[in-house]
Amino acid sequence: MCYNGVGDNMRLRNVRGANEKIEDSSYMILDYLEYRGHFQSLFANNHPIHIEIGMGKGSFIIEKARRNPDINFIGIEKYDSVIVRALDKLGKESIPNLRFIRMDAEHIDDVFWKEIDTIYLNFSDPWPKNRHENRRLSSIHFLQKYDSLFAERKRIVMKTDNRHLFEFSLVSMVEYGYSIVDVCLDIYAEDLKDNVPTEYETKFHNLGFPIYMVEVIKNK
Ligand SMILES: C[S@@+](CC[C@H](N)C(=O)[O-])C[C@H]1O[C@@H](n2cnc3c(N)ncnc32)[C@H](O)[C@@H]1O
């Protein structure tokens, strides 16, 4: 299974009015570099902050925010054309503990500083060629960047249908010092409690693919 941003994103790239919608939406953090180290001030509370990197059209993070008002959620996505779909889903609904940032995660360590509790990596692009390994969001290249984001304990929760990416991520996370707290080779076979599906998850589960999940933690 491969989705290197070629399918959906190509089709979505030219969504009319995307820029205007993004600039006008109160969900968007446009001046995100101003908040480094104090993102909690945006939410006017001291609740933990969870981020999803590569949120796509936002089904997962929107539903997580609805179900968990005591957690602040920030979705990160690099394409306007995809973020705008999340804004369309929200319509006029107001979810005070939810924000979005349009950015490439390559620069994520310039954006957050010791303030994140959990990172979700859902159906990240697998980048199957070895020479693109550093582009995988669970590569050591990215794990190093994530270190300075976390407030205290470092926690990553990942889901994917891609066996190769899953195995690569397990090795990379464990090599980098993370411990596995929970791992599941087919979340639908095991009826994972409180699972919130993502768009890709629904699509690939409906096609009969097993959905893998791992939760890891690192204390240093
Ligand atoms: C395969 S989609 C999965 C979307 C969603 N998480 C889901 O499970 O339905 C991957 C998403 O990650 C975004 N993405 C990939 N690399 C990224 C990066 N370096 N920074 C921000 N977003 C990225 C892509 O634009 C795409 O929307």
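Test each condition in (1) touching a residue at least 60 places away in the same chain (Cβ under 8 Å); (2) open to solvent by less than 40 Å² (accessible area, probe 1.4 Å) for Leu33 and report the one that comes out false.
Condition (2) is where Leu33 drops out.
Which one is farthest from the ligand (Cβ to nearest atom) among residues in the stretch 35-60 that are aliphatic (A, V, I, L, M) and in contact with a helix residue (DSSP H, G or I) (Cβ under 8 Å, 6 or more places away or on another chain)?
My answer is Leu42.
Considering each residue of the stretch 175-189, count those that are without any contact (Cβ under 8 Å) to a residue 24 or more places away in the chain and surrounded by 13 or more Cβ atoms within 10 Å (Cβ to Cβ), and give that number.
Summing the residues that are without any contact (Cβ under 8 Å) to a residue 24 or more places away in the chain and surrounded by 13 or more Cβ atoms within 10 Å (Cβ to Cβ) in the stretch 175-189 gives 1.
Pick from the stretch 61-80 the residues that are touching a helix residue (DSSP H, G or I) at 6+ places or on another chain (Cβ under 9 Å) and open to solvent by 20 Å² or more (accessible area, probe 1.4 Å): which of them is nearest to Ile101 (Cα to Cα)?
Lys78
Here's the yes/no breakdown for (1) under 18 Å from the mean Cα position of the chain (by Cα); (2) closer than 21 Å to Arg153 by Cβ; (3) open to solvent by less than 20 Å² (accessible area, probe 1.4 Å); (4) within 16 Å of the ligand (Cβ to nearest atom):
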| position | (1), (2), (3), (4) |
| --- | --- |
| Leu170 | yes, yes, no, no |
| Pro197 | yes, no, no, yes |
| Asn206 | no, no, no, yes |
| Tyr212 | yes, no, yes, yes |
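Looking only at residues in the stretch 15-34 that are in contact with a helix residue (DSSP H, G or I) (Cβ under 6 Å, 6 or more places away or on another chain) and modelled with pLDDT of 95 or more, which one is nearest to Glu93 (Cα to Cα)?
So, considering only residues that are in contact with a helix residue (DSSP H, G or I) (Cβ under 6 Å, 6 or more places away or on another chain) and modelled with pLDDT of 95 or more, the one nearest to Glu93 (Cα to Cα) is Ser25.
Kindly list the number of the only condition in (1) over 15 Å from the mean Cα position of the chain (by Cα); (2) open to solvent by 70 Å² or more (accessible area, probe 1.4 Å) that fails for His107.
So His107 meets the others, but not (1).
So how many residues does the stretch 61-110 have that are in a helix (DSSP H, G or I), charged (D, E, K, R) and more than 9 Å from the ligand (Cβ to nearest atom)?
10
All but one of (1) of a type in the set (Gly, Ala, Ser); (2) crowded, with 23+ Cβ neighbours inside 10 Å; (3) free of Cβ contacts under 8 Å to residues at least 24 places away in the same chain hold for Gly91; state the number of the condition that does not hold.
Among (1) of a type in the set (Gly, Ala, Ser); (2) crowded, with 23+ Cβ neighbours inside 10 Å; (3) free of Cβ contacts under 8 Å to residues at least 24 places away in the same chain, the lone unmet condition for Gly91 is (2).
The values are calculated or read from the model by the stated rules, or taken from the named source; none is laboratory data. No experiment lies behind these values; they were computed from the predicted model shown. Using ideal geometry, Cβ is built from the backbone for each residue, glycine included, and neighbour counts are taken over all protein chains shown. Heads up: the accessible areas ignore ligands, DNA and RNA and are worked out on the full protein's heavy atoms, side chains in. Shrake-Rupley method; radii C 1.70, N 1.55, O 1.52, S 1.80 Å.
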